[in-house]
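Okay, so here's the structure we're looking at.
The values are calculated or read from the model by the stated rules, or taken from the named source; none is laboratory data. Just so we're clear, the structure is a prediction, and the values are computed from it rather than from any experiment. Note that each Cβ is placed from the backbone with ideal geometry, even for glycine, and that neighbours are counted across all protein chains shown.
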Amino acid sequence: MTMQIDFVEKPCRQCPTFDECKAIDETYRAQLEANGWNYRQIKVKGSPLKTPIRQCTDTIFKQYAPFFTGKDILEIGCSTSSQFTLPFIREQSIRYVGVEPRSSSPGWRLSMLPRRLIYKPYNVIAAKIINPLTSSLYNQIQRMKRKAPRAYYMRDRFPSPHLTTPASFDVIFASSSIEHWHEDQPGSSEDLAWNGDLSVLEAGVQMYQADIRRAYELLRPQGMLLIDCPIHVHGNVIFFRGFLDHIKRIFESVPWTSLTYESWRLDYSGLRPYLPDARRDAWKTVYKQPVENLWIFNVIARK
Ligand SMILES: C[S@@+](CC[C@H](N)C(=O)[O-])C[C@H]1O[C@@H](n2cnc3c(N)ncnc32)[C@H](O)[C@@H]1O
């Protein structure tokens, strides 16, 4: 069977969130100009202002949300900021597994199970004692009610050896996560001493190809892989430096029935490019690569 591959440009002007992005820039212009376009430094009702690329990933999620109803979903790299909130999982009758290795920061909240059971100010105690207890109690109650618990959070890396059942998910989702899976490799955003040796790319492609093969195996027939990632923001050299041909080779290494690549905010006309001043300076002086805009690469693959 031949794989159908499409590339779809998603210009900001055609995006349902265009007006919202424009309004954010206008409303907070003075503060953004003063702080070098650092959106997250601005707090709105106690939370950081969404960055333009977070607007993209939220819009992508909303676009697919109706498709998630009643599905078995695996999220890779859910952290505490996942778009799959517990109310959403419940309302949409989703059976959800989130895999996340991080165990520090507020991420403790997801050490085992429902986030709503965790009392925030006592995160460490919650993670070490209360959370496992409440989690197993919660599971026990669900079992007594003969209801499968809908949301599990595993503290692990993908591909976790605990994800053993083949072909058991309808959707595998990862938002702004894949670029971190192999970020300990040479040339990543953390590697300031990288000598530009491009032979590291091949090793990266092979590691990621193994991950994508595992995701493919875990998907049911007709299952969908949905992965978005920022380009030029951070992480593994392939994503950080924007080697698109290598990214494509990663996804094209298994026989999907269809594969669609989308570029979000690459064509930002009508809005500003998204590049905080500190990042602009780092690209110029540290990483020495011409970068004028950060954007989102989105992949939709069907088994
Ligand atoms: C930037 S956060 C994104 C969180 C969330 N998906 C969102 O969009 O807000 C990326 C997450 O991926 C996680 N991650 C890194 N490597 C991973 C791996 N191999 N398997 C699962 N998660 C991983 C990181 O710990 C981090 O919490």
TODO: Examine region 34-57 for a residue that is part of a helix (DSSP H, G or I), more than 13 Å from the ligand (Cβ to nearest atom) and within 30 Å of residue 302 (Cα to Cα), and state whether such a residue exists.
DONE: yes
ask   = Being closer than 21 Å to residue 229 by Cβ and among the basic types (Lys, Arg), is that true of even one residue in region 19-38?
value = no
| message | Residue under question is residue 94, and the condition is that it be within 23 Å of residue 181 (Cβ to Cβ) and buried (at least 19 other Cβ atoms within 10 Å of the Cβ); does it hold? | response | no
Restricted to region 176-207 and to residues being under 20 Å from residue 158 (Cβ atoms), more than 15 Å from the ligand (Cβ to nearest atom) and hydrophobic (A, V, I, L, M, F, W, C), the residue surrounded by the most Cβ atoms within 10 Å (Cβ to Cβ) is 205
Here the qualifying pairs (Cβ atoms under 9 Å; residues six or more apart or on different chains; first in region 159-177 and without any contact (Cβ under 8 Å) to a residue 40 or more places away in the chain and over 19 Å from residue 208 (Cβ atoms); second within 16 Å of the ligand (Cβ to nearest atom) and assigned to a loop (DSSP other than H, G, I, E, B)) come out as 162/156
If we keep only residues of region 215-242 that are of a type in the set (Phe, Trp, Tyr) and within 15 Å of the chain's Cα centre (by Cα), then the residue farthest from residue 66 (Cα to Cα) is 240
If we ask which residues in region 62-83 are of a type outside the set (Gly, Ala, Ser), within 14 Å of the ligand (Cβ to nearest atom) and at pLDDT 90 or above, their number turns out to be 7
Here the qualifying pairs (Cβ atoms under 8 Å; residues six or more apart or on different chains; first in region 69-94 and touching a residue at least 24 places away in the same chain (Cβ under 8 Å); second within 13 Å of the ligand (Cβ to nearest atom) and among the basic types (Lys, Arg)) come out as 79/102; 80/109
Within region 158-175, the residues that are closer than 23 Å to residue 232 by Cα and either within 8 Å of the ligand (Cβ to nearest atom) or among the polar types (S, T, N, Q) (or both) are 158, 174, 175
Residue 51 passes all but one of the listed conditions (1) among the hydroxyl-bearing types (Ser, Thr, Tyr); (2) under 16 Å from residue 265 (Cα atoms); (3) without any contact (Cβ under 8 Å) to a residue 60 or more places away in the chain; the exception is number (3)
Exception for residue 210 within (1) surrounded by 14 or more Cβ atoms within 10 Å (Cβ to Cβ); (2) part of a helix (DSSP H, G or I); (3) within 16 Å of the ligand (Cβ to nearest atom) falls at (1)
Of (1) in a strand (DSSP E or B); (2) buried (at least 17 other Cβ atoms within 10 Å of the Cβ), residue 220 fails just (2)
